[in-house]
1. Which of the trypsin sites (Lys or Arg not before Pro) found in region 268-320 are in a DSSP loop and have at most 11 neighbouring Cβ atoms, other than their own, within 10 Å?
2. Rounded to the nearest 500, what is the chain's calculated 222 nm mean residue ellipticity when only DSSP H runs of at least 4 contribute -39500 (n - 2.57) each, over all residues?
3. Under 16 Å Cα-Cα from residue 335, which lysines qualify once same-chain neighbours fewer than 8 residues away are excluded?
4. Rounded to two decimals, what ratio of Rg to Rh does region 48-147 give with C-alpha atoms and a Kirkwood Rh?
5. Using a Gaussian network model on the chain with a 10 Å cutoff between Cα atoms, which of 224, 245, 216 fluctuates the most?
6. Order the peptides 40-46, 93-99 from the highest to the lowest mean number of other Cβ atoms within 10 Å of their residues.
7. Quick one: pull the percent of accessible area on region 24-67 belonging to carbon and sulfur, 1.4 Å probe, ligands and nucleic acids left out.
8. Using +1 at the C-beta of Lys and Arg and -1 at the C-beta of Asp and Glu, which of 196, 160, 238 has the Cα lying farthest in the positive direction of the dipole of region 143-257?
Amino acid sequence: MAFLTLSNGAIFEGRRIGAPVDRVGELVFSTGMTGCLETLTDPSYYGQLVTQSFPLIGNYGVIPEDFEGMPRLFGYIVRNLSDTPSNFRSQGLLNDFLLAHGIPGLCGVDTREIVRTVREEGVMNAMISDAPPADLSVLQAFRVDNAVAAVTCREKQVFPAAGNKRFRTALMDYGVKRGIIRSLQERGCEVTLWPAGMKAEQVLSDDPDGIVLSNGPGDPKENGGCIAEIRKLLGEKPMMGICLGHQLIALALGGNTIKLKYGHRGGNQPVKDLTTGRSWITSQNHGYAVVADSLRGIGREAFVNLNDGSCEGMDYPELQCFSVQFHPEACAGPKDTGFLFDRFIRMMGGNTHA
């Protein structure tokens, strides 16, 4: 027996899974029906206790080929955890994966009620523990700090193109998902992965054909050093920003970001392309959003979320730059917006109006 205690005082009783340790984190939820392995290994979940809204998790086991990175989440909460996975690619049990990586979790809890609480009251802190804490101050004091520094690579890495090398792309690692690297490789890019704090001069001295800013965890405003370097990179090379990268570009250009009530996490987020009027179902994982109005006269809002109207993408034609809040590499989720990588490829080829 173990408990999930929310900072509003609510307590949920369940059964321990994963590592037998107590842990405080920011409580969020993901609406994906599939993709639990991608969720567990997405560095953007650093500092968070992730609740899966879909009730049955782990039924296709652990598949290392589907991992997006090292697991960085602080805890995992599910309704039912399968101990009899059925998938020819499975290499183990999800509970063993959690245990091996020191991730505590709960099963047998009312995840429907947990999600409803977060939707109604907003993201809050919570604690997984053997007994509910007598004092909630430890929950209320928790903050997700220095998130990007905790998940970025420590040194430069180079990933070869798949097939013929057509371009050399610099990828700034703020917590990158492997799917982004693969999407670039598949399009003929040799990808150079740079640590988040790398100086712009060093990146440009490598003479890449284009620059991609990756996804990542935490409050974008905490990354002052990264924002300063992005400001030097803007306009120097074609640039694409994804998720946190999208937010950091906005801040580098003098825009603003806000924290959403409960964020967008899952593979079923609808967005509208304001140029064509077409809607797309996208994969997302973020708790902050760009304020499009703060960039009037600087950029053009390109995509909006059809659920809450928040900004999902910006275009900066004069800077050869665009950014999106969602994940065009999709993993896990629909791959309908992979064309955005093709747009970036065309920009590197000289067609800056793609």
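The values are calculated or read from the model by the stated rules, or taken from the named source; none is laboratory data. These numbers come from a predicted model, not from an experiment. Backbone-built Cβ (ideal geometry, glycine too); neighbour counts: all protein chains shown. The accessibility values were calculated without ligands, DNA or RNA, using every heavy atom of the protein model including side chains. Shrake-Rupley method; radii C 1.70, N 1.55, O 1.52, S 1.80 Å.
1. Qualifying residues, ordered by number: 278, 296.
2. Computed mean residue ellipticity for the chain: -5500 deg cm²/dmol.
3. Those lysines meeting the cut-off are 177, 272.
4. Reported Rg/Rh (Cα atoms, Kirkwood Rh): 0.99.
5. 224
6. Per-residue Cβ counts within 10 Å, averaged per peptide and sorted highest first, yield 40-46, 93-99.
7. 63
8. The residue sitting farthest along the positive end of the dipole is 160.
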